[in-house]
Amino acid sequence: MINLKLEILRRKSPEEIPVWKCYDYQTPDDHANIASALNDLNQNLENPVRWECSCLQKKCGACAMIINQKPRLACDTPLKEFVKAGTVRIEPLRKFPVIADLIVDRTILFENLKTMKLWFEEEAKTNGSQIAYEASRCLQCGCCLEICPNFYAGGDFAGMSAMTLTARLLTALPDSQKKEIFKAYRNYIYEGCGKSLACRNVCPAGIRIDQLLVNSNAVAVWKRKFRHEK
Amino acid sequence: MQNVIIIGAGLAGLSAAVTLAEKQISCALISLQNSERAQSVLAEGGINAALNTMDENDTVQNHYEDTLRGGVWLADPNAVRNLTSHAPEIVRWLENLGVPFNMTDSDIMLRNFGGQKKKRTAYAQSSTGKIIMTALIDQVRKYEASGLIHRYAHHNFIKLLLENQICSGVRIQNLYTGEITDFKGIVLLCSGGLNGMFPAVTTGTTQNSGDVTATVFRQGVRLGNLEMLQYHPTTIGISGKRCLVTEAARGEGGRLYIMKNNQKFYFMEEKYPELKNLMPRDVVAREMFFVRREFGGEVFLDMTELPEIAWQKKLSDLRLEIIHYLNLDPKSNPIPVREGIHYFMGGIDTDEFHRTNIKNLFAAGECCCQYHGANRLGGNSMLGALYGGRKASETIIHTADFVSEENINYSGEIPSPASPVLIQKISQILLSGLGIVRNQNSLQTALENLQSLSGQKEYNFYEQNRLLLAEAMLLSALERKESRGAHYREDYPDQNEEFRKTAVSEYDKTIRIFFRPIPEMRSD
């Protein structure tokens, strides 16, 4: 049996001043995680905690939030980690505007991808590239942006979630797009990244961000070929 | 302003949006969350196409026949002909969008999947859905930037706008601001399967609530074959849901067994020597149910003899997932697996052109009843979604009269969501009737329990819709007095040609179920 106090930073609207609320939570499920706890808790709350989730198996990135000061996916955070302390603190991501409770508006993340024009303009085969595969696994959850000392919403640095998508494109970028994408990469990724690599340890998908970054820098900035490519 | 409104931004919705954009037709792409959160990202094993890259003399005809046979002759053969003949072109299209499929030395590699004798399933390790979605989302972004696709993430479908059985748009709520808007245009529903009718026991997402289907049913949209739920043979229970173990595990050599007299009994290999562990999913799931009932204990999936290369290049994600959730390494340990609700072959009733019974309303993807008959073959879902979305858009392009009207703000009442307690009660009732093995008694009892629940109090908008859909699901299962594909009736264990028809559910003050013949195969 797991017994925990869930401390959740709550607000009904963006304008409201947030307040920590504490809930006693108990479950017989030793494998329970923050996502299942929130779902359970909401069954009995008059004002359910607003949060976003979808797949519940760390494949969609919807439930990113700050759990004990660390950006994580609720569905990938087992409660048993907190049993000893008896309490866990849950709050919304801080780099994005809060909508209510644990919901944040991550629109800026997607707008950055549009600003950088991250797409293929013409047919492009990646030929089973391992780099393209690894890069395609990015959840666009925002955990890497949250932990990054250089990213802030509205700034020029688009962060590693934009780097991963660029990394896929770079494996097969048509000549006609090279100038523009290389320039975007330099402006929105390379020049903003302070190489703290704080992002390396928080990716819920376990993407080797530092390796992708080195490769992408090599291609887009130093005009070298990919390393580690088959 | 937009010409077409697409509800849902998974594979079907994105495919439809790109098809429209390529013809310079604008659309509003409406979804509860961004596409990265769509259920399509959970698809694992691959996508079928008779590319014949493995020297097995595979043909479109084989794919067509396997799909019809797998669906136990309940699918529209003309639609399946279209689907399978366009499959190679669709996979090549994905390849050209930069999807990093696993490759042979020179071409796309294919793997074995259930119900098919030839290697026909193109894949990207065991995360094929996610990898395809990333490429497709990039492509959609191009048209978002050029103003042809207008994305409305975090928006909820409330209902169709209908005038004299003609659809003129949808009522939508912005979940971040609460604002409600009437969007005007042709409507294409790509809202996914009915997972939310069975919360916590399917392999799907929490976002596929079934509310769209339930609502449009109440508004007069016909549904088809609601009794056809696919139980995937290999799932594992994790907190809050069932987690899929891809059919590719068996495609790459995984074997199912149960302990019988202290020995491993490879029941699928013994009973089905030709396709063995790769029989269609309905057969495997049913056999698992029966052997468990007979011998007790759990069924195990044994992947311990898979070659190292399979773990490195084909199933690396699956291995990590199993270790994460079961604390067992499938390389060295068989894992216990159970059947879990995975896919809905039934849904919004459409013709092969993806038209519903309401003018200017179309449906594609898992929300619609098309292509898969009584049982879907593994590898055909992503194909059905991509092709269906495209086909629906083509129909719209060729036949619809576009009217450009401004969206209108709506200031009326916002319906409350359904109570989680009621959702659970309905789910329990449905599960008691719609298990892998069904009969008149259990279905009738479930129906009576549901009707009693319906009469207990006044329910809100979403609750009423959900109760109606649940009732139609049970009635449809009761009326199909035969066993076919995913619908197995102990009291009618045989297939009956009389029922080789679509079970159509219709609501107009009361629910009516009628059977409509499957279209004949055209010779063109």
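The values are calculated or read from the model by the stated rules, or taken from the named source; none is laboratory data. Given the structure is predicted, the values throughout are model-derived calculations rather than measurements. Don't worry about glycine lacking a Cβ; one is built from the backbone with ideal geometry, like all the others, and counts go over all protein chains shown.
In summary, helices (runs of 4 or more DSSP H) completely within segment B:254-327 and bearing 1 or more residues that are over 30 Å from residue A:138 (Cβ atoms) occur at B:267-271, B:281-295. Residue B:81 meets each of the listed conditions (1) within 22 Å of the chain's Cα centre (by Cα); (2) not in a helix (DSSP H, G or I) apart from (2). For segment A:101-122, the candidate set comprises residues that are more than 7 Å from chain B (Cβ to nearest Cβ), surrounded by 19 or more Cβ atoms within 10 Å (Cβ to Cβ) and not in a loop (DSSP other than H, G, I, E, B); within that set, the residue that is nearest to the chain's Cα centre (by Cα) is A:109.
Scanning segment A:5-44 for residues that are more than 14 Å from every other protein chain (Cβ to nearest Cβ) and closer than 11 Å to residue A:79 by Cα yields A:5, A:6, A:26.
Within segment B:176-189, can one find any residue that is surrounded by fewer than 19 Cβ atoms within 10 Å (Cβ to Cβ), within 14 Å of another protein chain (Cβ to nearest Cβ) and among the polar types (S, T, N, Q)? Yes: one or more hits. Residues that are free of Cβ contacts under 8 Å to residues at least 60 places away in the same chain, aliphatic (A, V, I, L, M) and either under 22 Å from residue A:57 (Cα atoms) or more than 7 Å from every other protein chain (Cβ to nearest Cβ) (or both) within segment A:123-146 comprise just one, A:145.
If only one of B:146, B:106, B:127 is buried (at least 24 other Cβ atoms within 10 Å of the Cβ) and within 13 Å of chain A (Cβ to nearest Cβ), which one is it?
B:127
Just so you know, in segment A:155-187 the residues that are among the aromatic types (Phe, Trp, Tyr) and not in a loop (DSSP other than H, G, I, E, B) include one that is farthest from the other protein chains (Cβ to nearest Cβ), and it is A:182. Restricting to segment B:39-62, give me the number of residues that are closer than 16 Å to residue B:388 by Cβ and more than 14 Å from every other protein chain (Cβ to nearest Cβ). Residues in segment B:39-62 being closer than 16 Å to residue B:388 by Cβ and more than 14 Å from every other protein chain (Cβ to nearest Cβ): 3 in total. For segment B:77-112, taking the residues that are hydroxyl-bearing (Ser, Thr, Tyr) and under 13 Å from residue B:53 (Cα atoms), the one that is modelled with the lowest pLDDT is identified as B:106. Kindly evaluate residue B:370 against the criterion of being in contact (Cβ under 8 Å) with a residue 12 or more places away in the chain and within 14 Å of another protein chain (Cβ to nearest Cβ). Spelling it out, it is not the case that residue B:370 is in contact (Cβ under 8 Å) with a residue 12 or more places away in the chain and within 14 Å of another protein chain (Cβ to nearest Cβ). Just one of (1) within 13 Å of chain A (Cβ to nearest Cβ); (2) outside any helix (DSSP H, G or I); (3) under 22 Å from the mean Cα position of the chain (by Cα); (4) not small (Gly, Ala, Ser) fails for residue B:36. It is (2).
Residue A:53 meets the stated requirement of being buried (at least 17 other Cβ atoms within 10 Å of the Cβ) and free of Cβ contacts under 8 Å to residues at least 24 places away in the same chain. Residues of segment A:135-152 that are out of contact with any Cys (no Cβ under 6 Å at 6 or more places or on another chain), closer than 20 Å to residue B:141 by Cβ and not in a loop (DSSP other than H, G, I, E, B): A:135, A:136, A:145.
Is it true that some residue in segment B:229-245 is more than 30 Å from residue B:362 (Cα to Cα), part of a loop (DSSP other than H, G, I, E, B), within 14 Å of chain A (Cβ to nearest Cβ) and at pLDDT 95 or above? Steps first, answer last, please.
Of segment B:229-245, the ones more than 30 Å from residue B:362 (Cα to Cα) are B:233-243, B:245.
Applying the additional criterion that residues be part of a loop (DSSP other than H, G, I, E, B) yields B:239-240, B:245.
Applying the additional criterion that residues be within 14 Å of chain A (Cβ to nearest Cβ) yields B:239-240, B:245.
Now restrict to residues that are at pLDDT 95 or above: B:245.
Yes, the conditions are met somewhere in segment B:229-245.
Counting just the residues of segment B:95-123 that are of a type outside the set (S, T, N, Q) and within 20 Å of the chain's Cα centre (by Cα), which one comes out nearest to residue B:314 (Cα to Cα)? Among them, the one singled out is B:123.
If you go through segment B:69-84 one residue at a time, do you hit one that is in contact with a Phe, Trp or Tyr (Cβ under 8 Å, 6 or more places away or on another chain), within 14 Å of chain A (Cβ to nearest Cβ) and without any contact (Cβ under 8 Å) to a residue 40 or more places away in the chain? No, because not a single residue in segment B:69-84 is in contact with a Phe, Trp or Tyr (Cβ under 8 Å, 6 or more places away or on another chain), within 14 Å of chain A (Cβ to nearest Cβ) and without any contact (Cβ under 8 Å) to a residue 40 or more places away in the chain. Suppose we keep only residues that are within 22 Å of residue B:372 (Cβ to Cβ) and of a type in the set (S, T, N, Q) within segment B:434-490. Which one would you say is farthest from the chain's Cα centre (by Cα)? In this case the residue turns out to be B:483.
The residues of segment B:374-423 that are within 16 Å of residue B:184 (Cα to Cα) and part of a helix (DSSP H, G or I) amount to a single one, B:396.
Yes/no per residue for (1) under 24 Å from the mean Cα position of the chain (by Cα); (2) in a strand (DSSP E or B):
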site	(1), (2)
A:15	no, no
A:21	no, yes
A:25	no, yes
A:46	no, no
A:54	yes, no
A:58	yes, no
